[in-house]
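Reading through the C-alpha cells given below for one structure.
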Amino acid sequence: MKSQLSTSVKLIQNYDLCEHCSGRLVSKTPVKKHQVKISNSSKKKCYICKNIFDTLDLMALNIIEKLNDFHFKTFHLGIILKPSLLERDDFIKSKFKIQGVENLKFSIARQLEKKISRRTHTTRIYDDPDIFIEANFKDISCKLRTKPLVVYGRYNKKIRNISQKQSSCRSCNGIGCHNCEFKGIVSGKTVESSISDFFINKFECNQVKINWIGGEDQLSLVMGNGRPFFAKLINPKKRNKLLRKTCDLKDIALSELQKISVQPKGFVRFKSEVSITVETKKPISSTHLRKLKTLVNIPILNSTDEKKNFTKYIYQINYKKLGKNQFHLDIIADGGIPIKSLIEKSDLTPNISDLMKNTCRCQQFDFKNILVC
Ligand SMILES: [Zn+2]
Ligand SMILES: [Zn+2]
C-alpha cells in the first residue's frame, strides 16, 4: 500500500500531467486525486498527451458536422494518434510499474464516443456499424466510411443496342486517364451505368458493384420477369431512403427491388428462356432441323469452362423455319450456356452448327424470361 502510494506521489510530483492522464494512471492506486496536489495542470502541458483532451470538443464538432449528411443509427470510432503520445504513456507506465489502467487511446476514444453519441442520438457498436469514423488527431481531421448497402432486383431491357456492362477504357485499361475523364470506363449508356446512376443518385453512394445473374448480348432484349442482379452500394450516405419495388429508367425497367442485409454467397442457379434467330450458310433441310430435338436433356459441355460448376442442360427446344437459310429457336436451358457458342462452331459439344452439318450464325437472341432455381 505504502509503496503504491509513494509511486503515485512521485509520478505526479515529477511529471506534469493533465487531469485525464493523472486520473487514468492514478485511479487504480489508493491515492485519490484530491489527496495529491495537482499543480496548475490546466496551464502546463501534459507530459504524456500534450493536452490532447482539450482538442476533443473541436474534433467532435468536425465529426458531427460531417455526420450531418449521413443516415446512420450505429457507429464505430477509430483513433489515430502521434506514436510519441503512446510511447510516453507506455514509458510512464513501465517506469512507475503501473498496470491494468486504461490506455491513452482507449481513454480518448471513450470520451469522444460519448460526445458523438450524445449529440447525434446514435449508438457506438463494434460489430457491423452503419458508419465507421476515423478521427485523426495528427491534424484534427476525420474520415467517414459507411457500411455497403446491398440491393436485390431485376431488370428488363426494352430496346436493343445497349450493352449490359460498362467496358474499361482502352487507353488506360480501367485505371483512369484523360480520355475517360479518370473514370476508367468507356462513357455511354449501358445497363450497368443506368442502374449505377439510379443508386448513386438515390442513396448518394460513391460506387456500385453489380453481381449479374447471367449476361446477354448488346442486341438482346430482356423480357418477362427480368434478369436478377445484386448491387453492392459502396459508401452510401443516405442508406435509409425509401426504395420502391419498381422503377422505370426509360429503356431499362427495374423491379422486385429490395434492400437485403447480405449478398448470398456462391453461385445462383437459374434457367433462361431464350428466343434465337439463326442464319445458315447452306439451305436448311428438315432432317437436320429435326435433329435439334436430340439436344434436350443431354449434357452441354464446354471444354474451355474452367469453373465447371455443374453440368448444363437444355430442357426444351422448339424450332420454326423462317426461310431457306433462317430459322427460329425457342429454348429453355440452364443459365450460363453461351448462346452464340451454342449456335456457332465453338468449344461447346454439342453445338448446333456441328449437329446440323451447316454453318450457323446467331443473328439475335432475346431473353423471354429468367427463372431462378
Ligand atoms: Zn494528458
Ligand atoms: Zn482511361
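Measuring between alpha carbons in the structure, the pairs from K259/K293; K209/K250; K73/K93; K158/K321 lying more than 32 angstrom apart are K259/K293; K73/K93.
Remark: relative contact order (the chain) = 14 percent; criterion is Cα-Cα distance under 8 angstrom and separation of 6 or more residues. Across the stretch 2-146, the relative contact order, built from alpha-carbon pairs under 8 Å that are at least six residues apart, equals 28 percent. Basic side chains Lys and Arg get +1 at the Cβ, acidic Asp and Glu get -1 at the Cβ, and with that the dipole of the stretch 208-251 about its Cα centre reaches some 560 debye.
Basic side chains Lys and Arg get +1 at the Cβ, acidic Asp and Glu get -1 at the Cβ, and with that the dipole of the stretch 314-358 about its Cα centre reaches some 320 debye. In terms of modelled amide H atoms, which long-range or inter-chain residues lie less than 5 Å from the amide H of T123? Result for T123 returns T74, F75. Selection among I331, N240, T294 by position relative to the dipole of the stretch 231-373 gives N240 as farthest towards the positive end (Cβ unit charges, Cα centre).
For the stretch 191-215, backbone nitrogen atoms closer than 16 Å to the point 7 Å from D69 Cα along Cα-to-C-beta are found at 200-207.
Look at I332, I343 and count the other Cβ atoms within 10 Å of each Cβ; fewest to most, that gives I332, I343. Taking all Cα pairs closer than 8 Å and separated by 6 or more residues, the relative contact order of the stretch 234-351 comes to 25 percent.
The Cα-based radius of gyration of the stretch 76-192, divided by its Kirkwood radius, gives an Rg/Rh of 1.23. The simple spin-label model puts a point 7 Å past each Cα toward its Cβ; for N240 and E181 those points are separated by 3.3 nm.
Can you give the FRET efficiency for E87 and V9, using 1/(1 + (r/R0)^6), R0 = 25 Å, r = Cβ-Cβ distance, to the nearest 0.05?
0.55
A Förster radius of 35 Å, combined with the Cβ-Cβ distance separating F267 from H121, puts the computed FRET efficiency at roughly 0.25.
Taking a ≥ b ≥ c as the square roots of the eigenvalues of the Cα gyration tensor of the stretch 139-231, is the shape rounded (a/c under 1.5), prolate (a/b larger than b/c) or oblate? Judged from the Cα gyration tensor, the stretch 139-231 comes out oblate (a/c at least 1.5, b/c at or above a/b). Within the chain, the selection of entire DSSP H helices by a Cα span of 27 Å or greater along the long axis and an average Kyte-Doolittle value of at least 1.6 returns an empty list. Here the gap between I317 and N211, fully extended at 0.36 nm per residue and compared with their Cα-Cα distance, gives a gain of 35.3 nm. Amide H contacts under 5 Å for D16: Y47, restricted to partners 5 or more places along the chain or on a different chain, H placed in the peptide plane at 1.01 Å from N. Treating r as the C-beta distance of D251 and R170 and R0 as 25 Å, the FRET efficiency rounds to 0.50. By other beta-carbon atoms within 10 Å, ranking F96, F203 with the fewest at the front produces F96, F203. Rounded to the nearest Hz, the phi-derived 3J(HN,Hα) couplings of the stretch 160-173 under the Karplus curve 6.51 cos²θ - 1.76 cosθ + 1.60 (θ = phi - 60°) are 7, 6, 10, 6, 6, 10, 6, 9, 5, 4, 6, 6, 10, 6, where x marks glycine and proline.
For the pair K143 and N325 in one chain, pulling the backbone fully straight at 0.36 nm per residue adds 59.2 nm over the alpha carbon distance. Out of F203, L249, N156, whose Cα points farthest toward the positive end of the dipole of the chain (charges: +1 Lys, Arg; -1 Asp, Glu; placed on Cβ)? Of the listed residues, the answer is F203.
With the cut-off at under 13 Å, measuring from each backbone N in the stretch 245-277 to a point 7 Å along the Cα-to-Cβ line of C373 picks out 267-272. Between amide H atoms placed 1.01 Å from N, distances below 5 Å from N225 occur with I370, all of them 5 or more places distant or on a separate chain.
A short reminder: the numbers here are calculations on the coordinates, not readings from a lab. Predicted, not measured: the structure shown is a model, and the values here were computed from it. For neighbour counting, all protein chains shown are included, and Cβ atoms are generated from backbone atoms with ideal geometry for every residue, glycine included.
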